[in-house]
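For reference, the structure discussed in these notes is given below.
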Amino acid sequence: MMPDFDATPEKRATQLAFLKRQIFVTPPAVTRADANVEGKTAIVTGSNTGIGLEIARQLLELGIGRLILAVRSETKGEDVKEKLLAGTSSHGQAIIEAWLLDLSSYESVTSFADRTKTLDQLDIFINNAALTKLHA
């Protein structure tokens with residue numbers, strides 16, 4: 001549930017309004033009932049380590065229907081897929097797939113985008129991946 005705002009966007013965009021919201025406004029707590037992802041399809045980029053892996057775990061715990069792990073290495077993606085299947089107690093009927101996505105390769109990005117067009121639905125996209133400059 002989104003909080004009600006009684007100010008115009010121009011009034012809310014001030015620094016004072018921002019600080020007031022940061023200090024004095026407590027957003028409502030989100031429960032499992034509020035996060036119903038059953039039967040939905042999600043893509044998580046950078047999902048073989050760190051925050052992306054934890055997001056994937058939590059989506060499985062919440063009962064996601066189809067989880068697509070967008071990873072740079074198919075081998076690592078398949079390893080993570082097996083780990084998630086083995087370590088998640090309530091994944092139920094979840095379909096987990098590892099798709100190749102290397103952000104440093106234009107061809108990989110366009111191939112991934114084309115592949116997403118084959119999905120019946122895409123409900124959640126978590127763009128967690130990053131591209132770093134490699135030093136030679």
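The values are calculated or read from the model by the stated rules, or taken from the named source; none is laboratory data. Keep in mind it's a predicted model, so treat the numbers as computed, not measured. FYI the Cβ positions are ideal-geometry reconstructions off the backbone, even for glycines, and counts take in every protein chain you see.
What the table below lists for this structure:
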| item | result |
| --- | --- |
| Residue within region 57-77 that is of a type in the set (Val, Ile, Thr), buried (at least 17 other Cβ atoms within 10 Å of the Cβ) and not in a strand (DSSP E or B) present | no |
| Within region 97-132, considering residues that are within 17 Å of Arg66 (Cα to Cα) and among the aromatic types (Phe, Trp, Tyr), the one surrounded by the most Cβ atoms within 10 Å (Cβ to Cβ) | Phe112 |
| Among (1) more than 28 Å from Lys81 (Cβ to Cβ); (2) in contact (Cβ under 8 Å) with a residue 24 or more places away in the chain, the one test that Val44 misses | (1) |
| Thr49 modelled with pLDDT under 95, more than 14 Å from the chain's Cα centre (by Cα) and of a type in the set (Ser, Thr, Tyr) | no |
| Residue ID - modelled with the lowest pLDDT, chosen from residues in region 78-88 that are more than 16 Å from the chain's Cα centre (by Cα) and not in a loop (DSSP other than H, G, I, E, B) | Gly87 |
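Conditions tested, residue by residue: (1) among the charged types (D, E, K, R); (2) within 30 Å of Lys117 (Cβ to Cβ); (3) modelled with pLDDT of 95 or more.
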position: Thr14; (1), (2), (3): no, no, no
position: Pro27; (1), (2), (3): no, no, no
position: Leu60; (1), (2), (3): no, yes, no
position: Arg66; (1), (2), (3): yes, yes, yes
